[in-house]
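Taking it in order: structure first as structure tokens, then the write-up.
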Amino acid sequence: MPASPAGRLEVSFASLKGKRQEVVGLVVGQGPEFAGLAEELDQSCDGGLSRAAKTAQFEGKAKSIVDVLAPSGLKEKRVLLIGGGEVAKSSEDDWINCGGAAMGKLLGTKSASASLVVETGAEGELADHDIAAAMALGAFLRSYRFDKYKTKKDDDGDKGSKAKELTTLVIHCAEPKKAEKAYQRLQAIGDGVVLARDLVNEPANELGPEEFAKRAQELEKIGVEVEVLDQKELKKLKMGSLLAVSQGSSRPARVVVMSWNGGKKSEAPVALIGKGVVFDTGGISIKPAAGMEAMKGDMGGAAAVVGAMCAIAGRKAKANVVGLIGCVENMPSGDATRPGDIVKSMSGQTIEVLNTDAEGRLVLADVLWYAQERFKPKMLVDCATLTGAIMIALGKNYAGLFSNDDDLADSILEASKATGEKTWRMPLDKAFHKMIDSKNADVKNLGGRWGGACTAAAFIERFVKDKDTPWAHIDLAGTAMDAERNDINPSWGSGWGVRLLDQLVADKYEG
Ligand code: BES
Ligand code: MN
Ligand code: ZN
């Protein structure tokens, strides 16, 4: 498992009779319905819990929480009633979010450990042990922090207090062994999300193309084959488009190829491709100073791909998946590409670079081409923080989805529903292609004022070798970084896309 300093919450499962920590969260279904252990505890404190619920008008609605301090007659210092919502109707993602909400409250108790009791009496698709596992993932994701560069840990500004950090969570349910088993898959996904967040949050001085490649190489520990192509090899492969982006930087480019062979030997792989611009200054077409620091996250697509490979390998997916990322830095310098330069991509197509800040498509063009030449994948998905325009169109809650294949697009939309990582389909059209025809070369990297996300997608489409290969492009500029914090994401780098890609592989290419 890749070492992650941030994913430090220790989750374990215990029986309902197991020893409870001093802080206990009780999952209570809508009604509210006190059952089993919750009912017992309520009786032990003379109805104190149900009285507290009533006083707070707690109805067990999803994610509503009542904090009962020092209930008399109980050993527990604190009992939290955690609304489980309509148990029969709740999906895995609902429970993941419920676990995140519970964890948010538990973190606030400043206790080092806590118990969570899952006894809903669920009889639907999800049994209590599945619910326990899902809540564990939500709690794990919520507990994430990126504070490795803080030499003094501050506890919510309360400098004087010696408040502890919640590091141990015990989840109690009827069949803890089954919960443990169910959690194996989810823990792999959690590790992937946390890895992606770490990569996005890491500042660019620490994470150059080479360091990024090294981080991806750590996936070898979980059985992923990893190959790193250096500058010399990229030149030999004639990746003139990708290299045009990195040539202004003193840090050379890398392309990382990750393979997970969990499927049949003869089966063509699924290819996941990521934009890994470790920092995007805009190059000679330099960006304004204000907010430029956010461009340390311009490798969010590559991070999603690395995170997804971590999840897929971690849960030993029965599918062949290759992940390819182009890692470069976009800098202005005496060696940098100029507006007006014409470069030759690996595909042979020439590109007029009218704006050096439209660099992501230049990186993807070569990596996408290489992926097809080398692996002949049965389908391609690329992920990129490609345009500001997609944020203008869709805001920060939806990523843009472009695809030449309705079936693939529908599968991604389905995966979005299951994971809550929302995508919205956007158009590909001849009209956008017309906007990127160049007078001086085969194509230009700028489409004009309107439809910026769509002309960017059209540009990438030109590098789909065989028009019959299902391909999708996901523009996650709005969702990968500084998206709205929520019950399962407290982080600037969200790790968005890991769950979506993993779900897509699970739904469409396994079993
Ligand atoms: N990395 C940016 C897109 C971006 C902007 C991502 C803000 C996340 C937040 C990309 O390389 C870029 O600069 N795109 C330009 C394209 C334009 C020059 C055609 C843009 O969107 O302004
Ligand atoms: Mn740019
Ligand atoms: Zn960029």
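The values are calculated or read from the model by the stated rules, or taken from the named source; none is laboratory data. Only a predicted model underlies this, so the values are computations on that prediction, with no experimental measurement involved. All Cβ positions, glycine included, derive from the backbone under ideal geometry; neighbour counts span all protein chains shown. Heads up: the accessible areas ignore ligands, DNA and RNA and are worked out on the full protein's heavy atoms, side chains in. Shrake-Rupley method; radii C 1.70, N 1.55, O 1.52, S 1.80 Å.
Things to note:
- Coil-residue GluC sites (Glu not before Pro) of segment 34-138, DSSP, other Cβ within 10 Å capped at 10: Glu123, Glu125
- Legend: residues Ile436, Ile342, sorted from most to least accessible area (1.4 Å probe; ligands, DNA and RNA excluded), read Ile342, Ile436.
- Here, the chain has an Rg and a Dmax of 24.4, 83 Å when only alpha carbons are counted.
- Whole-Å distance, taken between Cα centres, linking segment 449-478 and segment 34-86: 52
- Computed on segment 381-511, with alpha-carbon pairs under 8 angstrom and 6+ residues apart, the relative contact order is 39 percent.
- Proximity of backbone amide H atoms, modeled 1.01 Å from N, is registered between Thr423 and Ala399 at under 5 Å, excluding neighbours fewer than 5 places apart on the same chain.
- For segment 436-511, the set of chymotrypsin sites (Phe, Trp or Tyr not before Pro) satisfying both a DSSP loop assignment and a count of at most 11 other C-beta atoms within 10 Å is given as Trp450.
- Gap separating the Cα centres of segment 346-380 and segment 179-220, nearest whole Å: 25
- Overall form of segment 1-103: oblate. Here a/c, set by the Cα gyration tensor axes a ≥ b ≥ c, is 1.5 or more, and a/b is not larger than b/c.
- Charged neighbours of Ala399, selected by a Cβ distance under 9 Å, balance to -1 (K, R count +1; D, E count -1).
- Residues whose placed amide H lies under 5 Å from that of Gly29, excluding near-sequence neighbours: Gly84
- Farthest positive-ward along segment 435-511 dipole, Cα basis, beta-carbon charges - from Ala441, Leu501, Val464: Ala441
- In Hz, Karplus ³J(HN,Hα) per residue of segment 397-414 (6.51, -1.76, 1.60; θ = phi - 60°; x = Gly, Pro): 9, 10, 9, x, 10, 10, 7, 8, 9, 4, 4, 5, 4, 4, 4, 5, 5, 5
- Gly282 long-range amide H proximity, modeled H, under 5 Å: Lys287
- Evaluating 6.51 cos²θ - 1.76 cosθ + 1.60 at θ = phi - 60° for every residue in segment 220-229, the Karplus couplings come out as 4, 4, 10, x, 7, 7, 10, 10, 10, 8 Hz, glycine and proline recorded as x.
- Computed about its Cα centre, the charge dipole of the chain is approximately 860 debye, with only Lys, Arg, Asp and Glu carrying charge at their Cβ.
- Three-way shape call for segment 19-162 based on the alpha-carbon gyration tensor, with the a/c threshold at 1.5: oblate
- Sequence-ordered 3J(HN,Hα) estimates for segment 415-421 from the Karplus curve with 6.51, -1.76 and 1.60 and θ = phi - 60° stand at 4, 4, 4, 5, 9, x, 8 Hz, glycine and proline given as x.
- Percent accessible area from carbon and sulfur atoms, segment 276-329, protein chains only, probe 1.4 Å: 65
- For segment 348-482: rounded, prolate or oblate by the Cα gyration tensor [a/c cutoff 1.5]: oblate
- Cα-based equivalent ellipsoid, segment 387-431: semi-axes from gyration tensor eigenvalues, Å: 18, 17, 5
- Per residue, in Å², the accessible surface of segment 229-362 once ligands and nucleic acids are set aside, probe 1.4 Å: 35
- For segment 356-434, projected area of the alpha-carbon convex hull averaged over all directions, nm²: 6.4
- Among the trypsin sites (Lys or Arg not before Pro) within segment 194-274, those in coil by DSSP and having at most 10 neighbouring Cβ atoms inside 10 Å are Lys264, Lys265.
- Solvent-accessible surface ranking, highest first, for Ser12, Ser72, Ser241 at 1.4 angstrom: Ser72, Ser12, Ser241
- Net charge in the neighbourhood of Val498 (other residues with Cβ under 11 Å of its Cβ; Lys, Arg +1, Asp, Glu -1) is -1.
- Nitroxide proxy distance, nm - points 7 Å out along Cα→Cβ at Lys232 and Ser72: 8.0
- Rolling a 1.4 Å probe over the protein chains gives Phe140 an accessible area of about 10 Å².
- Mean residue ellipticity (222 nm) of the chain, computed from DSSP H runs ≥ 4 via -39,500 (n - 2.57), nearest 500: -10500 deg cm²/dmol
- Antiparallel bridge percentage (DSSP; both residues within the chain; nearest 5): 40
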